[in-house]
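Structure, as structure tokens:
The values are calculated or read from the model by the stated rules, or taken from the named source; none is laboratory data. Please read all numbers here as calculations on a predicted model, not as lab measurements. So basically every Cβ, Gly included, is an ideal-geometry build from the backbone, and we count neighbours across all protein chains shown.
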Amino acid sequence: MNTNKIFNLREKLKLVFILSIFCIGIFSSCTKDENELPEEAYFLIEENPTGILADTQGITQSYVVRSNRPWKIKPEQEINWVKVFPNEGEDDGIFKFIIDENITFDARNINYSFIVDGTEQPVLFRVEQVANIPFIVVDESESGVSIPSAQTNFSINVKANVEWTYTLSDSSWLSENTISENELTINAEKNKGETRSTTLTINSIEYPNLNKEITITQSSGNVILEENFDWLNYGSTIFYTYSGEVRMDTWTIDEMNNGWNSTENVDSSNQKVVYARTGFLKLGKTGYGGDLISPFLTELEEPTNLLVTFKAVPYQTKAGTQDDNTLRVSVIGPGATSVNSITIDNWPDYETDPNCTTIWQDEASNYQFTITGATAETQIKFLGGDYYLKDIGKGKNRIFLDEIKVKIIE
């Protein structure tokens, strides 16, 4: 027997078998690729909205897109009262319509189309907004505006969609400084006598029923400093919510130009540890105290005795843990205070006053002291405890301050 021929035959059969299996695999693969169809394109917005109707105030409305193709949102024309963000995407995503306030007397609308993988969808999305009516809104028209006795400029904010003008019932001590579409700035002369007031009327000749009145009151001549910090609008009114508050050394130039200042705390990286809130201040933080220093009392012409009144609240956590509550008072320059420190003990009640607004009206929130021999070179300083507090008492001595008034006394 020829063993070599048998061996070769076996090898040939083995090779044929391997080639057969390989070809079957290729055929199956090719057949599968040819028969497999691409995934069908789809695009939808959850809940299938076809439009949105906004009131005059405008709205921001978000929508969820479900898609497996690139998509774009295209307006039928270029406008500036609606924005879409983002206006395109790849697959699933979220976009929103941002509709501005409508101050005009005309209703308005616009259609948007959706382009999916280059193909415009048959259904349009319609954005509509109702027309406004004539209006004039004046800030503080109900509460009125209080200004100090010193010569000062102050502003009245006016929001209107009609042309307006103004009149004053008594303009002998007030004069126009500047006027624009949304603001009237007025100059008030120094008041050397009793408290005085006048009525400012904002009116429209075309729409006389829109007239708005606001009372302007100027303190008597013996009030030389009056501050309610209404030019600060940061963070929360709630005492234990400190997110959003702004430390003095990051205030704007305009805010610092109001004349209030603070000592850089060398133990706290030379920070001015005073924080702006919504119309009031917080002195200090955990471990470090902060002081508040008044503007110079430039209205004084000779050594004078003064009464300093202010509102204050001590810091308490939401759970009821209380800080130390000592407020130190002093002067920089001439003069002497009647006391060196005041205990601030009108603790907040978060159950009855959750937004921390009522407590400012409580009589217990009012404090005072006197200064003898103050001059135009005098400044008043308020300090929460001390500058370094980590080894003192509870290590915290945060105090909230508002409505500081300095008055000449006999």
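Quick notes
- Being farther than 30 Å from Glu189 by Cβ and surrounded by 14 or more Cβ atoms within 10 Å (Cβ to Cβ) is a condition met by no residue of region 143-155.
Residue-wise test of (1) surrounded by fewer than 16 Cβ atoms within 10 Å (Cβ to Cβ); (2) outside any strand (DSSP E or B); (3) modelled with pLDDT of 95 or more; (4) of a type in the set (A, V, I, L, M, F, W, C).
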residue: Asp91; (1), (2), (3), (4): yes, yes, no, no
residue: Ile98; (1), (2), (3), (4): yes, no, yes, yes
residue: Phe105; (1), (2), (3), (4): yes, yes, no, yes
residue: Tyr112; (1), (2), (3), (4): no, no, yes, no
residue: Glu128; (1), (2), (3), (4): yes, no, yes, no
residue: Ala131; (1), (2), (3), (4): yes, yes, yes, yes
residue: Glu140; (1), (2), (3), (4): yes, yes, no, no
residue: Val158; (1), (2), (3), (4): no, no, no, yes
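- Selection from region 160-216 of residues that are part of a loop (DSSP other than H, G, I, E, B), in contact with a Gly (Cβ under 6 Å, 6 or more places away or on another chain) and under 13 Å from Ile147 (Cα atoms): Asn191
- Region 329-348, subset over 20 Å from Phe239 (Cβ atoms), part of a strand (DSSP E or B) and not polar (S, T, N, Q), residue farthest from the chain's Cα centre (by Cα): Ala336
- Boolean, Lys396 is surrounded by 14 or more Cβ atoms within 10 Å (Cβ to Cβ), among the charged types (D, E, K, R), touching a residue at least 12 places away in the same chain (Cβ under 8 Å) and closer than 19 Å to Thr337 by Cβ: no
- Considering Thr119, Thr178, Thr165, the condition of being loosely packed, with under 13 Cβ neighbours inside 10 Å, of a type in the set (Val, Ile, Thr) and assigned by TED's automatic domain parsing to the domain that holds Ser62 is satisfied by Thr119 alone.
- Long-range neighbours under 8 Å by Cβ, at least six apart or interchain, first residue assigned by TED's automatic domain parsing to the domain that holds Thr358 and over 16 Å from Leu292 (Cβ atoms) within region 234-253, second of a type in the set (Val, Ile, Thr) and at pLDDT 95 or above: Gly235/Thr241; Gly235/Val246; Gly235/Thr278; Ser236/Thr278; Thr237/Thr278; Thr237/Thr357; Phe239/Val313; Tyr240/Thr317
- Selection within region 87-108 - over 24 Å from Phe43 (Cα atoms), of a type outside the set (A, V, I, L, M, F, W, C) and without any contact (Cβ under 8 Å) to a residue 40 or more places away in the chain: Asp106, Arg108
- Looking across region 380-396, just one residue is at pLDDT 95 or above and either of a type in the set (Asp, Glu) or not assigned by TED's automatic domain parsing to the domain that holds Glu302 (or both), and that is Asp386.
- Among the residues listed as Glu403, Glu377, the single one being in the same structural domain as Ser269 (by TED's automatic domain parsing) and either more than 18 Å from Glu226 (Cα to Cα) or not in a strand (DSSP E or B) (or both): Glu377
- Check on Asn265, touching a residue at least 24 places away in the same chain (Cβ under 8 Å), in contact with a Gly (Cβ under 7 Å, 6 or more places away or on another chain), under 24 Å from Ser169 (Cα atoms) and crowded, with 18+ Cβ neighbours inside 10 Å: no
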